[in-house]
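Novice: Dropping a structure here in structure tokens format, bear with me for questions.
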2 protein chains.
Amino acid sequence: MPLGEFDLIERYFRKPAESLRLARGDAPVGIGDDAALLQPPSGQLLVAALDTLVEGRHFPLGSSAASIGHRALAVNLSDLAAMGAEPAWFLLALTLPAAQPEFLEGFAAGMLRLAAAHRVALVGGDTTSGPLSVSVQALGFVPPGKALRRAGGKAGDLLYVSGTPGDAAAGLQLELAQPQSSAVASTAQRRLRDRFLYPEPRVALGLALRGVASACIDVSDGLAADAGKLALASNCGVRIDLERIRFSAELLATHDTAAAARFALAGGDDYELCFTVSPARASEIDALAANVKCQVTCIGVLEDGRALRVLERGAAVPIDVDGYDHFAHR
Amino acid sequence: MPLGEFDLIERYFRKPAESLRLARGDAPVGIGDDAALLQPPSGQLLVAALDTLVEGRHFPLGSSAASIGHRALAVNLSDLAAMGAEPAWFLLALTLPAAQPEFLEGFAAGMLRLAAAHRVALVGGDTTSGPLSVSVQALGFVPPGKALRRAGGKAGDLLYVSGTPGDAAAGLQLELAQPQSSAVASTAQRRLRDRFLYPEPRVALGLALRGVASACIDVSDGLAADAGKLALASNCGVRIDLERIRFSAELLATHDTAAAARFALAGGDDYELCFTVSPARASEIDALAANVKCQVTCIGVLEDGRALRVLERGAAVPIDVDGYDHFAHR
């Protein structure tokens with residue numbers, strides 16, 4: 001017997017989400033009305049992100065349900081992190097070909113585990129039948145004047161990225177080659193795959209960068225494309241020094257440097273933060289990053305002009321900004 | 001040459017949406033960052049709705065782009081209306097098989113025309129490639145203690161519905177039979193079809209019902225199912241008196257009463273408000289409805305118990321609550 005929409009929401013989402021909602025104390029009613037009722041803190045700006053994951057486009061066919069649930073929320077928390085926002089609540093619009101309990105159980109578990117880690121409460125949404133896709137709408141807060149934006153960088157500002165970019169793209173390639181067959185994978189391969197399947201939104205780093213970073217974006221489409229978007233919004237050019245990018249031991253254990261660079265620059269899905277800092281404040285960055293236990297690396301600089309340049313020890317590297325555009329390139 | 005995501009958003013959404021955003025004055029930055037930055041009014045609760053329309057499920061294959069854009073926003077404004085909320089902003093997640101300028105132009109025009117009519121600003125979102133589906137996230141406000149909810153009705157409260165239910169379901173049937181071929185349709189048929197293609201969210205009525213209605217829901221799945229949900233949330237049963245439902249002249253000109261009743265009770269897509277009022281306040285309803293130029297009709301009553309009953313001149317009408325559940329019934 002197929003599960004009804006009501007049972008489905010009740011069993012997999014509403015009940016597990018309830019304790020988090022009550023713990024927050026700022027969502028006066030539970031899931032089940034036509035819309036969620038929320039109590040924003042006074043004197044703060046609201047920050048709202050809406051991102052959709054579509055099967056076969058944002059995750060491979062046959063991806064684990066827990067990963068899909070995790071990633072759908074993670075990409076939206078990452079958007080809030082890039083704005084320097086503190087996440088509070090989210091809504092879920094889930095489109096499914098059929099209501100399969102095994103899928104829903106894993107999906108909800110993956111999503112709600114990440115929600116609990118960041119104390120964000122699921123407060124509403126919608127389920128419907130159709131080709132598998134997941135829209136999440138995340139809401140958070142930032143004090144007036146403290147939001148990080150893509151605009152705001154100036155020529156001369158240093159360009160940073162968090163974590164070890166390229167891992168997720170390498171992990172996706174592994175996932176496509178050997179889906180869920182972790183038995184045959186090495187430890188390095190499993191770690192890379194997990195970096196794709198379970199990206200960690202850099203919420204604490206985003207909060208720490210308030211008032212420090214001059215501009216910020218999250219890395220969803222590859223470092224080159226996203227640094228390029230930040231530069232464009234800041235009316236600058238940007239130079240990335242390839243040799244300064246810090247690759248993970250796992251990536252270097254499984255790929256040569258050229259492949260690692262391709263993954264980092266053009267691969268996408270890392271959900272690291274890419275941000276700029278004026279030279280006067282650069283000395284604060286190491287302590288700030290250590291404080292939130294997140295590695296950050298200076299990889300370049302904003303420049304006059306509008307060019308996106310990648311250099312390797314001073315020599316220009318031709319870069320096809322792939323991953324930039326869903327319709328034109330993928 | 002395919003249009004890029006950036007151009008697409010720029011041309012069809014960002015520029016046309018800009019004047020509305022500026023006119024509101026409470027969304028300090030335009031579309032283009034990782035998330036929208038919004039200034040909620042102090043002392044009010046935030047109301048958030050997220051609904052998805054999927055091609056072939058919520059609208060027929062080959063629907064007009066303007067209608068899809070209109071409906072995707074309308075169903076979310078209807079959710080806010082059902083909460084008694086004043087709509088302010090929305091985000092759009094658009095999944096498209098390809099970026100076709102003709103489609104996008106019509107879609108954006110349909111969506112932004114409705115947005116302008118309700119002074120809601122498009123403040124962000126996401127476009128991606130995949131099977132056609134549209135998620136809209138609408139945000140609005142309501143003073144504390146004033147939100148309408150499904151819970152709150154009491155046995156003895158009178159049950160009302162706005163407008164002329166059943167039109168949209170009849171219109172959908174016409175649309176499926178003769179898609180977009182208005183040349184061969186009668187005036188009545190065209191009007192019914194427009195009721196499906198361009199539903200009018202009852203925002204002003206929802207605002208007027210604050211502090212007056214004891215419970216409220218919007219009619220998306222048919223009057224019987226939605227009145228049933230309201231009653232369930234209010235811990236009541238509900239009786240609908242079939243002969244009191246007011247059908248439109250267009251519906252009665254094209255269908256017999258039995259068909260009209262089926263469309264109204266089980267058809268869905270009307271996006272009217274179904275609400276309850278205590279007998280002591282029922283005398284206020286006619287003036288309130290006239291004030292917002294929206295016809296409302298008393299069609300039944302909440303009862304003790306948990307039953308959903310439909311009577312015709314006192315005799316029980318068997319009712320299969322169709323349209324209740326996407327997975328189990330459709």
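The values are calculated or read from the model by the stated rules, or taken from the named source; none is laboratory data. Only a predicted model underlies this, so the values are computations on that prediction, with no experimental measurement involved. Backbone-built Cβ (ideal geometry, glycine too); neighbour counts: all protein chains shown. Surface accessibility is based on the protein's heavy atoms, side chains included, excluding ligands, DNA and RNA. Shrake-Rupley method; radii C 1.70, N 1.55, O 1.52, S 1.80 Å.
Novice: Using only the Cα atoms of the range B:75-232, what are the Rg and Dmax in Å?
Specialist: 17.6, 54
Novice: Seen from all sides and averaged, what is the projected area of the convex hull of the Cα atoms in the protein assembly as shown, in nm²?
Specialist: Result: 29.5 nm².
Novice: Using the Cα atoms as the points, what is the convex hull volume per residue of the range A:204-261 in Å³?
Specialist: For the range A:204-261, the hull spanned by Cα atoms encloses 115 Å³ per residue.
Novice: If you don't mind, another one. Before I look further, what does chain A give for accessible area per residue, probe 1.4 Å, in whole square angstrom?
Specialist: 37
Novice: Interface A/B, total buried accessible area with a 1.4 Å probe, nearest 100 Å²?
Specialist: 5000
Novice: Read phi for every residue in the range A:141-148 and hand back ³J(HN,Hα) as whole Hz from Karplus 6.51 cos²θ - 1.76 cosθ + 1.60, θ = phi - 60°, with x for Gly and Pro.
Specialist: 9, 8, x, x, x, 9, 5, 7
Novice: Still on this structure, I have one more. At 0.36 nm per residue, minus the direct Cα-Cα distance, what do residue B:309 and residue B:119 gain on full extension? Give it in nm, one decimal, please.
Specialist: 64.5 nm
Novice: If each Cα of the range A:237-293 is one equal point scatterer, what is log10 of I(q)/I(0) from the Debye formula at q = 0.17, 0.19, 0.27 Å⁻¹?
Specialist: Each listed q maps to, in turn, -0.76, -0.91, -1.21.
Novice: Which entries in the list A:154/A:229; B:229/B:293; A:229/B:15; A:15/B:229 go over 20 Å, if you measure between the two C-alpha atoms of each?
Specialist: Among A:154/A:229; B:229/B:293; A:229/B:15; A:15/B:229, the Cα-Cα distance tops 20 Å for B:229/B:293.
Novice: Please compute, for peptide B:222-229, the average count of beta-carbon atoms on other protein chains lying within 10 Å of each residue's beta-carbon.
Specialist: Taking all residues of B:222-229 together, the mean is 1.
Novice: Counting only residues 5 or more places away or on other chains, whose amide H sits under 5 Å from the amide H of residue A:148 once H atoms are built in the peptide plane?
Specialist: Amide H neighbours of residue A:148, under 5 Å, 5+ apart: A:84.
Novice: Right, something else. Which residues belonging to the range A:89-138 lose at least 20 Å² of 1.4 Å-probe accessible area when the assembly is complete, relative to their chain isolated?
Specialist: A:91, A:93, A:95, A:126, A:128, A:129, A:131, A:135, A:137
Novice: Which log10 I(q)/I(0) values, to two decimals, does the range A:80-124 give at q = 0.21, 0.30, 0.34 Å⁻¹ under the Debye formula with one point per Cα?
Specialist: Values returned for q = 0.21, 0.30, 0.34 Å⁻¹ are -0.79, -1.14, -1.21.
Novice: Okay, next question. Note down, for the range B:51-117, the three equivalent ellipsoid semi-axes (square root of 5 times each alpha carbon gyration tensor eigenvalue), biggest first, whole angstrom.
Specialist: Semi-axes, largest first: 22, 13, 10 Å.
Novice: Restricting things to alpha carbons, find the Rg to Rh ratio for chain B using the Kirkwood radius for Rh.
Specialist: Ratio of gyration radius to Kirkwood radius: 0.98.
Novice: Now for a separate question. Compute, for residue A:310, the solvent-accessible surface of its heavy atoms (probe 1.4 Å) with the complete set of protein chains present, and express it in square angstrom to the nearest 10.
Specialist: Only protein atoms counted, so the area is about 0 Å².
Novice: In Å, what Rg and Dmax follow from the Cα atoms of the range A:1-145?
Specialist: 14.8, 53
Novice: Okay, moving on. What does the charge add up to near residue A:135, with Lys and Arg as +1, Asp and Glu as -1, over the other residues with Cβ less than 9 Å from its Cβ?
Specialist: That sum, taken over residues with Cβ under 9 Å, equals -3.
Novice: Hey, got the Cα dimensions of the range B:28-88 along the principal axes, in Å, largest first?
Specialist: In descending order, the Cα extents are 43, 30, 15 Å.
Novice: Could you rank the peptides B:198-209, B:153-164, A:244-255 by their average count of other C-beta atoms within 10 Å per residue, with the highest value first?
Specialist: By packing density, highest mean first, the sequence is B:198-209, B:153-164, A:244-255.
Novice: Let me ask something else about it. Write down the Å³ per residue value for the convex hull defined by the alpha carbon atoms of the range A:220-322.
Specialist: 114
Novice: Heavy atoms only, probe 1.4 Å: what % of the accessible area of the protein assembly as shown goes to carbon and sulfur, would you let me know?
Specialist: C and S fraction of accessible area: 52 percent.
Novice: Which shape class, rounded, prolate or oblate, goes with the range A:88-165 when its Cα gyration tensor gives a ≥ b ≥ c as root eigenvalues, a/c under 1.5 marks rounded, and past that a/b bigger than b/c marks prolate?
Specialist: Cα axes put the range A:88-165 in the prolate bin.
Novice: Taking amide H atoms as placed 1.01 Å from N in the peptide plane, list the residues 5 or more away in sequence, or in a different chain, whose amide H sits under 5 Å from that of residue A:59.
Specialist: It is A:54, by chain and number.
Novice: How many percent of DSSP beta bridges within chain A run antiparallel, rounded to 5?
Specialist: 75
Novice: Same structure again: Search the structure for amide H atoms under 5 Å from the amide H of residue B:308, placed 1.01 Å from N in the peptide plane, and list their residues when 5 or more places away or on another chain.
Specialist: The answer is B:238.
Novice: In 10 Å bins starting at zero, report the fraction of Cα pairs in the range A:139-199 per bin as a rounded %.
Specialist: Spelled out per bin, shortest first, that is 18, 30, 21, 21, 9, 0.
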